[in-house]
1. Out of segment 1-31, which residues are small (Gly, Ala, Ser) and either part of a strand (DSSP E or B) or crowded, with 17+ Cβ neighbours inside 10 Å (or both)?
2. Of the residues Glu49, Glu76, which is surrounded by 11 or more Cβ atoms within 10 Å (Cβ to Cβ), at pLDDT 95 or above and assigned to a helix (DSSP H, G or I)?
3. Select from segment 32-41 the residues that are at pLDDT 90 or above and closer than 17 Å to Asp63 by Cβ and list them in ascending order.
4. Search segment 31-59 for residues that are closer than 19 Å to Arg2 by Cβ and pair each with any residue that is in a helix (DSSP H, G or I) and among the charged types (D, E, K, R) when their beta-carbon atoms are under 6 Å apart and the residues are at least 6 apart or on different chains.
5. When you scan segment 54-63, how many residues do you find that are surrounded by 12 or more Cβ atoms within 10 Å (Cβ to Cβ) and out of contact with any helix residue (DSSP H, G or I) (no Cβ under 7 Å at 6 or more places or on another chain)?
Amino acid sequence: MRMRLYVAVNSQKFKFVGNMATAFKQLTEAVSEGQTVRILTIFYDSKKEKRRFKRELREAGGDLIQAAKNYLKWWETIQERRRKRLMEKLAKLSS
C-alpha cells in the first residue's frame, strides 16, 4: 500500500511517500522538537490505512508527530509478533 503525505514544517513543504510506516518514519526523522507541523494533503491507497491514520490522529489529539510515533510503535509490535510466529513455524518444521 502506498501513502502520500504532504506537510508543511515551519512553512517548508515536505512530501513523504511509501507505506504508512515508511512515511511516518521519514516524517519523524525530518521534524525536530519545537517545529510546527501542518498537514497539507494526504492520499491513501486503502480505506484501512485511512481508518488507521484517523484513529491514531484522534488518539494523539490532532498532533501529527505524536500520531506518527504511536503508529510506529504499533507497527513494530505487529512486526515482532509476525517474526515470532514465523520463528515458531520454522522451529516446528525443522523438528
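1. The answer is Ala8, Gly18, Ala21, Ala23.
2. Exactly one residue qualifies, and that residue is Glu76.
3. Val37, Arg38, Ile39, Leu40
4. Tyr44/Lys50
5. Taking segment 54-63 first, the residues surrounded by 12 or more Cβ atoms within 10 Å (Cβ to Cβ) are 54-57, 59-60, 63.
Next, from what is left, pick out any that are out of contact with any helix residue (DSSP H, G or I) (no Cβ under 7 Å at 6 or more places or on another chain): 54-55, 63.
Qualifying residue count for the region: 3.
The values are calculated or read from the model by the stated rules, or taken from the named source; none is laboratory data. Treat the numbers as computed from the prediction; the structure is a model and nothing was measured. Glycine gets a Cβ as well: all are built from the backbone with ideal geometry, and neighbour counts include every protein chain shown.
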